[in-house]
Amino acid sequence: MSQTFKYCPRCTKPLAMGAVDEGPPRLRCPDQACGFVHWDNPVPVVAAVVEHEGAVILARNRLWPPKMFALITGFLEKDDPDPASGVLREVDEELGLKGRIAGFIGHYPFERMNQIIIAYHVVAAGAIVLGEELLEYKRVPPAELRPWPAATGLALRDWMLGRGLTPLPYENEALKAIKNFRLIDDKLATAGQPTAEQIRIVRASGYQALINLLPADSRSAVAAEAALAAEQGLRYHHLPVAWEAPRAEDFARFCALMQEEAGRRVFVHCAANKRVSVFVFLYRVLKLGVEREVAQRDLLAVWEPDAVWSGFIAESLKT
Ligand SMILES: [Zn+2]
């Protein structure tokens, strides 16, 4: 979504797509003598996890929607001697704080904006005075951070992991809007049938694998879900489970899939999260050793299993 040009900034002729040597087509000036090419390289942006009196400062830009907070960021300036100096300048401009670099976190692509984010841990002290780009800020104890699964959120996540902290699962309003959505932990979420648009949101929220327990002929099923998932780069598994007759083999296959996806962020759905909540309850109790009361809380938050499914639970717990 980077800004593009219509006219040559050198000679004002209209630009057109054209080959440049062996490379991909570029927006370029048709005038050979001028030779301008719009390379559209990513723009370097510096970002800071600002630690201030033991908390991390997240800020909201004037242009952002309510409740959207992120790290302190800014474009690397021509006069910045290096990215680390650039990030300290931004912290000063936006928070009014003199900081020091406590460490380099990493660099992160932000494709949508055609930026490359260079992230640092900055420790700062003193009174915060917001610069004009920012509307508000909040202080979050490090252990309570919920890193968002894109752009500077990835840097925040790595910073937390580097300190031995476990990032809390990220819940956004769009995910919570999926029918009977229930977040189990940092790696696992469950729900009823997501719409085609919500499957995109699942991917955008950082999930890597989608497991579907709903038979394809169900009224709630979304046509071509496998293709939609593939298009989004989601690993997809379809394991249809009959509503009236769940089988031990189904559950065994589900456990095998969960094993296969271990380490990835997994989203499991059926029609209304009823089948799924039972399978996930059993999986956590029988395979992960989660306390029954804890796993049951997530199950009962979705529904109270009927005769068929209570029977299935009792049978499964016996073995
Ligand atoms: Zn030109």
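The values are calculated or read from the model by the stated rules, or taken from the named source; none is laboratory data. Quick caveat, the model's predicted, so the values are computed rather than measured. Cβ: placed from backbone, ideal geometry, glycine included. Neighbour counts: every protein chain shown. Side chains are part of the model used for accessible areas, which takes the heavy atoms of the whole protein and leaves out ligands, DNA and RNA. Shrake-Rupley method; radii C 1.70, N 1.55, O 1.52, S 1.80 Å.
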Open item on the list: Cβ-Cβ distance below 7 Å, separation of 6 or more or different chains: which pairs start in the stretch 21-47 with a residue that is in contact (Cβ under 8 Å) with a residue 40 or more places away in the chain and end on one that is within 16 Å of the ligand (Cβ to nearest atom) and charged (D, E, K, R)?
Closed with: none
Open item on the list: Given the criteria free of Cβ contacts under 8 Å to residues at least 12 places away in the same chain, of a type in the set (Lys, Arg) and open to solvent by 40 Å² or more (accessible area, probe 1.4 Å), does Lys176 qualify?
Closed with: yes
Task: Residues that are among the small types (Gly, Ala, Ser) and open to solvent by less than 10 Å² (accessible area, probe 1.4 Å), drawn from the stretch 195-215 - done: Ser205, Ala209
TODO: Could you identify the single residue in Phe279, Phe251, Phe267 that is assigned by TED's automatic domain parsing to the domain that holds Ile184, over 26 Å from Arg200 (Cα atoms) and crowded, with 20+ Cβ neighbours inside 10 Å?
DONE: Phe251
Open item on the list: For the stretch 63-95, give me the residue count where each residue is within 16 Å of Tyr120 (Cα to Cα) and open to solvent by less than 60 Å² (accessible area, probe 1.4 Å).
Closed with: 19
- [ ] Of the numbered conditions (1) surrounded by 12 or more Cβ atoms within 10 Å (Cβ to Cβ); (2) on the phi > 0 side of the Ramachandran plot, Gly289 fails exactly one; give the number of that condition.
- [x] (1)
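Could you identify the single residue in Ala102, Ala33 that is within 16 Å of the ligand (Cβ to nearest atom) and aliphatic (A, V, I, L, M)? Spell out how you get there, then give the answer.
Values: Ala102 fails: within 16 Å of the ligand (Cβ to nearest atom).
The conditions single out Ala33.
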Task: Residue tally, condition of a type outside the set (S, T, N, Q) and within 30 Å of Ala102 (Cβ to Cβ), over the stretch 159-208 - done: 16
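Quick one: which strands (runs of 3 or more DSSP E) lie wholly within the stretch 44-129 and hold at least 1 residues that are among the charged types (D, E, K, R)?
55-61, 98-110
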- [ ] Can you tell me which residue within the stretch 293-319, out of those that are closer than 18 Å to Gly192 by Cα and free of Cβ contacts under 8 Å to residues at least 12 places away in the same chain, is nearest to the chain's Cα centre (by Cα)?
- [x] Arg297
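When you scan the stretch 246-266, do you find a residue that is within 17 Å of Asn180 (Cα to Cα) and in a loop (DSSP other than H, G, I, E, B), even just one? First the steps, then the outcome.
We begin by selecting, within the stretch 246-266, every residue within 17 Å of Asn180 (Cα to Cα); these are 266.
With the extra rule that they be in a loop (DSSP other than H, G, I, E, B), the set shrinks to none.
No, every residue in the stretch 246-266 fails to be within 17 Å of Asn180 (Cα to Cα) and in a loop (DSSP other than H, G, I, E, B).
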TODO: Could you list, in sequence order, all residues of the stretch 175-222 that are of a type in the set (A, V, I, L, M, F, W, C), within 16 Å of Gly233 (Cβ to Cβ) and in contact with a Pro (Cβ under 7 Å, 6 or more places away or on another chain)?
DONE: Val202
- [ ] Answer yes if at least one residue in the stretch 248-269 is at positive phi and at pLDDT 95 or above, and no otherwise.
- [x] no
TODO: Determine if the stretch 277-285 includes at least one residue that is out of contact with any strand residue (DSSP E or B) (no Cβ under 6 Å at 6 or more places or on another chain) and not in a helix (DSSP H, G or I).
DONE: no
Open item on the list: Conditions first: (1) more than 30 Å from Arg200 (Cα to Cα); (2) of a type in the set (A, V, I, L, M, F, W, C); (3) assigned to a loop (DSSP other than H, G, I, E, B). Ala272 passes all but one, so which condition is the exception?
Closed with: (1)
